[in-house]
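Computed from the coordinates by the stated procedures, all read-outs in this text should not be read as laboratory data. Every value quoted in this text rests on a predicted model; they were computed, and no experiment measured them. As a convention, Cβ positions derive from the backbone with ideal geometry for all residues, glycine included, and neighbour counts pool all protein chains shown.
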Amino acid sequence: MINGIWLGMILIGFVFAAVNGRMDEFTAAVFDGAKNGVTVSFGLISVLVFWMGMMRVAEDAGLMKLIAKALGPVVSFLFPDVPKGHPAIGYILSNMSANLLGLGNAATPMGIKAMQELQTLNPDKETATPAMCTLLALNTASITLIPATLIAVRLNYGSAEPAGIVGTTLAATAVATLAAIAADRFYRRLTLLRRPPKPPAVRTGSAGGGGPAVPHSSVKG
Amino acid sequence: MLELISLISAWAIPVMITLIPLYAYYRKVPVYDSFVGGAKDGFGTAIAVIPHLVGMLVAISVFRASGALDFLMGLIAPLLERFGVPAEVLPLGLLRPLTGTGSLAYTTDLIRVHGPDSLIGMIASTIQGSTDTTLYVLTVYFGAVGIRNGRYALKVGLFSDVVGFIAAIIVCMLVFG
């Protein structure tokens, strides 16, 4: 899907640039976007280096397992295929708390660390596991108690009540998060019912004795 | 309540950064060595994200600069205007999942022009604050661990963006409208 979207945006961009006579803008946008990508990545270096160091200290102290054990049941229904007490749960919980408090630059490193932990449980390193998809769903909806940036912007423009959006934001973000969890559940079920995608190297003529076959009668609903 | 939450938010990071090494030291972890050992991975992770972010941001940037995004907005605007939603906030629904800085710039501009406490300002602030930039999160998180096939994650992210966008508008129109 991501391949199609990427190609689609460039293709559609080209067609529109041609029709609107914006070829110069197209070229400028290419290098602008590329520069932006590098700038953002470099901005990530400092937070990633710092938080990954801090997280290692927490992990070496056994804190991640402790958090996972203490609060694991809270999230285990969202991540049924992550073993109980696995450090990934600890990182997922830190990521969610950081999001909740609006600590954006701490949330990203913790989320990435959680992804890396989930990757150790992944049998196919190039394909996302359901747990990874759930983690992403939670982060794209990113439930927030304090929209700190927006409060600052509103304050800047002389709002009488800069924090007046906290309630509406909480309501909207909660709905978005519930929608994300529901959709994630739906697709998780769907992919469980379907057969898992074939690994690319499988030859159709190979000898029998593959894994236990899924009875087809139970697959179609 | 809000004061309490802001207080927790301000204290969270300093407290964490003090307590984690303190507890580790108590557990006889060589804290500095451990920190440096973990921090080393951070650089590589940030570098690993570069190709993904460059690729994605170029596509988004081209899509915007060509006028394709404006065209799409023009298509959707009359549709939502029929429900009494101010047309000014509609571009945000398309910008928000694509670019965090782009949509923040747009929101800031709406707040500047219409005032932070106007209905438009409130809706825009709520939309901007209530979800994260789906494409960015997807690119960075998957890019950092080398996932190529994201399965249904993008669909779920975009779906929740749409729901969040509509929810933000409805809630704001009910509360401030």
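Please enumerate, by chain and number, the aspartates and glutamates with C-alpha under 15 Å from the C-alpha of A:K69, excluding those fewer than 8 residues away in the same chain. The reachable aspartates and glutamates, counting only those whose Cα sits under 15 Å from A:K69, are A:E59.
The mean of 1/r over all pairs of different alpha-carbon atoms in the protein assembly as shown, once inverted, gives a Kirkwood hydrodynamic radius of 22.4 Å. Extending 7 Å from the Cα toward the beta-carbon at both B:I17 and B:L4 defines two label points whose distance is 2.7 nm.
Over region B:1-154, the hull volume per residue, using the convex hull of the C-alpha atoms, is 185 Å³.
Exposed loop sites are taken as trypsin sites (Lys or Arg not before Pro) in a DSSP loop (any state but H, G, I, E or B) with at most 11 other beta carbon atoms within 10 Å; the longest stretch of chain A without one runs A:1-83. In the structure shown, the pairs A:K35/B:K155; A:K35/A:K113; A:K65/B:K28 are assessed against 21 Å; a Cα-Cα span above that value is assigned to A:K35/B:K155; A:K35/A:K113.
For the protein assembly as shown, the Cβ-based charge dipole about the Cα centre amounts to some 1400 debye (Lys, Arg positive; Asp, Glu negative; other atoms uncharged).
Think of chain A as a dipole: +1 on every Lys or Arg Cβ, -1 on every Asp or Glu Cβ, centred on the Cα centre; then among A:M23, A:Q116, A:F50, A:Q116 lies furthest on the positive end. Computed over neighbours whose Cβ is under 13 Å from that of A:F77, the net charge equals +1, Lys and Arg +1, Asp and Glu -1. Magnitude of the charge dipole for chain A, about its Cα centre and with charges confined to Cβ atoms of Lys, Arg (+1) and Asp, Glu (-1), is about 800 debye.
Between the residues A:A34, B:G74, B:L22, the greatest Cα displacement towards the positive end of the dipole of the protein assembly as shown, with unit charges on the Cβ of Lys, Arg, Asp and Glu, is found for B:L22. Determine the shape class of region A:1-58: with a ≥ b ≥ c the square roots of the Cα gyration tensor eigenvalues, call it rounded for a/c under 1.5, and otherwise prolate if a/b is greater than b/c, oblate otherwise. In terms of gyration-tensor shape, oblate. Under the membrane-span-like helix rule (DSSP H runs whose alpha carbons stretch at least 18 Å along the helix axis, mean Kyte-Doolittle hydropathy -0.5 or higher), chain B yields B:2-26, B:31-65, B:68-81, B:100-114, B:153-176.
The overall shape of chain A is oblate: from the C-alpha gyration tensor, with semi-axes ordered a ≥ b ≥ c, the ratio a/c is 1.5 or greater and a/b is no larger than b/c.
With the highest mean first, a sort of the peptides B:77-86, B:17-26 on other beta-carbon atoms found within 10 angstrom per residue produces B:17-26, B:77-86.
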